[in-house]
Amino acid sequence: MPFIITEPCLEVKDATCVTVCPVDCIQTTDDDKMFFIDPVTCIDCAYCESVCPVNAIFDEFTVPAKWREYIRKNREFFANSKR
């Protein structure tokens, strides 16, 4: 199940999630205002979810309704990139 980073991450970019990820699947660019989780590389360990200081990370099936648009944004980030 893919994990999704949602709105509370906007403008925060704390990177604690990046440091605990064992497969380096959390990415961003200098222009982006948040991080994104690569659903192909992610191994569903949930380490990122437990350390997020703003509680922005959810598995795809538990993303709150008000932030469901971030599922699409995450997919688009990786679909539009050559990472």
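GluC sites (Glu not before Pro), restricted to the chain: which are DSSP loop and have at most 15 other Cβ atoms within 10 Å?
Numbers: sites: Glu11, Glu49, Glu60, Glu69, Glu76; in loops: Glu11.
Counting only loop positions with at most 15 other Cβ atoms within 10 Å, the GluC sites (Glu not before Pro) in the chain are Glu11.
Taking the Cα centre of the chain as the origin, how large is its charge dipole in debye, to the nearest 20, when only Lys and Arg (+1) and Asp and Glu (-1) carry charge on their Cβ atoms? Working shown, then result.
Details: 9 positive and 14 negative charges, 42 e Å.
Computed charge dipole of the chain: roughly 200 debye.
Annotation: average projected area of segment 3-79 is 4.6 square nanometres, based on the convex hull of Cα atoms across all directions.
Each reported figure results from applying straightforward, stated rules to the coordinates on display, with no laboratory input. Please read all numbers here as calculations on a predicted model, not as lab measurements. Glycine gets a Cβ as well: all are built from the backbone with ideal geometry, and neighbour counts include every protein chain shown.
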